[in-house]
Every structure is written in C-alpha cells, then in structure tokens.
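The values are calculated or read from the model by the stated rules, or taken from the named source; none is laboratory data. In this text, all values refer to a predicted model and were calculated from it rather than measured experimentally. Counting neighbours? That spans all protein chains shown, and the Cβs are built from the backbone with ideal geometry, glycine included. To get the accessible areas, we keep the full protein, side chains included, count just its heavy atoms, and leave off ligands, DNA and RNA. Shrake-Rupley method; radii C 1.70, N 1.55, O 1.52, S 1.80 Å.
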Number of protein chains: 2
Amino acid sequence: MNAKKRKGSAVERNIVGKLRDKGFAVVRAPASGSKRKDPIPDIIALKSGVIILIEMKSRKDKEGKIYVRREQAEGIMEFARKSGGTLFLGVKKPGVLKFIPFDKLRRTETGNYVADSEIEGLDLEDLVRLVEAKVSKTLDNFL
Amino acid sequence: MNAKKRKGSAVERNIVGKLRDKGFAVVRAPASGSKRKDPIPDIIALKSGVIILIEMKSRKDKEGKIYVRREQAEGIMEFARKSGGTLFLGVKKPGVLKFIPFDKLRRTETGNYVADSEIEGLDLEDLVRLVEAKVSKTLDNFL
C-alpha cells in the first residue's frame, strides 16, 4: 500500500468510526480502489432503513478540483440507483471535510464528474442530521 | 486461507453473483470471519431501499445443526438493528441452500443460536420475491 492509499484509508477509518459513534451500521467496501467488476462506494452507512453511500477523494492542496472518472462515477451511481440509497462524494483536503451529493457535481463534456473547489457540501454533523430527519420522516409514515 | 474458508468464500461469491443478477447492490463484508471489533454480516444486499443482511454458515453433512456463537450472533443482530435491515442465517449443506430469518433460530441456555436441521428457510428465489414484495409495499406508500 502506498502512502496516498494509506492516508486515504486513515481518513475513511476516521469517518467510519464517527458514523458508528452516531449509531450507524457501517461497512467499508473491500478492495477499495483496486480494479473490480462491480464498483462499490468506499463507505456504506445504514441507519434505520436509510442508506448512505460515500465515495472518498483526498487532495493535498486546498484549492484544486476533484475529479471522479466517468467509468468509476457511472459504476457507483448505478450501485446507488439499485440500492435506493443516496450517494455522496466525500472530499478531504487540508482542514476540510465535506460531503457533496453526487447529483450536485459538474459533469464535463467527456463524462467525468468534478467537484469544483467552491462547491458547497455538508459536514459530517450535517450529514448525520440529514439522515436523522429522513428516519423521522419514515417513522411518521407509520403513525 | 484454509480449505474451509475457501469453500465458504466460493458459496458466498455464488450468492452475491445471483443477487447481483436479480438487481441487488451487494457488498461482501471485508475480513469476514477474522477477529474484529465491529461484527458485520457476510453479505449486505440492498434493493430500492430494502436492506438484507446474510451471515453464511456451511456444513459438510446434511443432518447436523448449525450454531452461531452468542458473541457473533449478538454483534450481527446489533448491526441489523441499527441498519433497519432484516438479518438471515444462510445455511449451506450438500444439496441445500436456505435462508432462515435470524429471529426463527433457537436460542440455547448459554445464549448461542442454533438452526436445527429440520428448520425451514427460504430458498434464494423466495428471498428475492420477499424483497420485491417489500419494495412494492414501500412504493405503495407513496401512491
């Protein structure tokens, strides 16, 4: 494992730990980043029937854009569509951790997906609150 | 990896492949069977918001009972409770593959969980149909 992957893993482990502390059932996709037939987002977080999928990307500089290659993006979007879950791009930069709904990303002419540096996202607390609001709404349907 | 684990993995891969063919988004838990802090069922299968969790156990003889140790059972039941998903024990014996809802298992005095050989379960087709019925019911709530 090279330094970049190792750092990526540490960020993921940290997020997974925090989501577990907030009562989520969480699984990290196996063999993340390696060549595989069935693209799976890096983190699958479940809570009371709500499905959150997160693909993580890190950058060392604060200003740069983050690209998700077309092939990978389409694979994980298809996974999300089948699952009925909500897909986020998790962006980690120095001093920044934000979660961008995948459908807010900019699509380039060649079909890649881009998070421009100014794009807004949720922080981890916001993401947790969003899920808890969905859970309450789902419960309301039964009352 | 020893022969038993290798065979277990082949069974799991087969089930995962079939669920994918039926339109599920599926992930196998990483490091299955190894010692870990957060027990995760072997297979997580998602379809249109329905969450199915499967712990697989194999036996070489057709008649024997299948035990799930208390510690493991409680861990994956807790994962299932948090997720809002439905937990099954997947039982693989020669010529037999059945999925038993975890709450149908017999609990021993020491807290282990047992699938007696005569216990009924769903086959894979039944399991898929069950999920599709749940998906339809969920959609009905929006109509």
- Please report which chain A residue places its beta carbon nearest the axis carrying chain A onto chain B, with the distance rounded to a whole angstrom. A:P30, 2
- Note on the structure: Shortest first and in nm, the label-point separations between A:R70 and its counterparts in the other identical copies (7 Å out along Cα→Cβ) come to 5.8
- Of every hundred units of 1.4 Å-probe accessible area on the range B:44-117, the number belonging to carbon and sulfur atoms, as a percent, is 47
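Output the antiparallel fraction of DSSP beta bridges having both residues in the protein assembly as shown, as a percent to the nearest 5. Before the final figure, lay out the partial values.
On the way: 42 of 56 bridges.
Roughly 75 percent of the beta bridges in the protein assembly as shown run antiparallel, per DSSP.
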- Message: Rg and Dmax in Å for the protein assembly as shown, alpha carbons only: what are they?
- Response: 19.8, 64
- Given the pairs A:K104/B:K22; A:K82/B:K65; A:K18/B:K22; A:K47/A:K92; A:K98/B:K134, which span a C-alpha to C-alpha distance of over 26 angstrom in this model? A:K104/B:K22; A:K82/B:K65; A:K18/B:K22; A:K98/B:K134
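Please calculate how many Å² of accessible area the protein assembly as shown carries per residue, with a 1.4 Å probe and no DNA, RNA or ligand atoms counted.
Details: 16050 Å² over 286 residues.
The answer is 56 Å² per residue.
What relative contact order, as a whole-number percentage, does the range B:1-139 give when Cα pairs under 8 Å and 6 or more residues apart are counted?
Details: 202 pairs, mean separation 28.6, N = 139.
Relative contact order of the range B:1-139: 21 percent.
Any chance you could tell me what percent of the C-alpha pair distances in the range B:41-109 go past 13 Å?
Working: 1524 of 2346 pairs.
Counting every Cα pair in the range B:41-109, those more than 13 Å apart make up 65 percent.
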- Run through the other copies and list how far each one's label point is from that of B:G95, in nm with one decimal, shortest first; the point sits 7 Å from Cα along Cα-Cβ. 6.9
- Under the Karplus curve 6.51 cos²θ - 1.76 cosθ + 1.60, θ = phi - 60°, whole-Hz ³J(HN,Hα) for the range B:14-25, x wherever Gly or Pro sits: 5, 5, 4, x, 5, 5, 4, 4, 8, x, 7, 8
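Can you compute the helix-only [θ] at 222 nm over the protein assembly as shown? Use -39500 (n - 2.57) per DSSP H run of at least 4 residues, normalise by all residues, nearest 500 deg cm²/dmol.
Numbers: 6 runs with 100 residues, N = 286.
Rounded to the nearest 500, the figure is -11500 deg cm²/dmol.
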- Message: Please report, for A:T110, the nm distances (one decimal) from its label point, 7 Å out from Cα along the beta-carbon direction, to the equivalent points in the remaining copies, shortest first.
- Response: 6.1
- Task: For the range B:97-143 and the range B:78-95, compute the distance between their C-alpha centroids and round to whole Å.
- Result: 8
- Query: Please report, for the Cα atoms of chain B, the Rg to one decimal and the Dmax as a whole number; what are they, in angstrom?
  - Reply: 15.0, 51
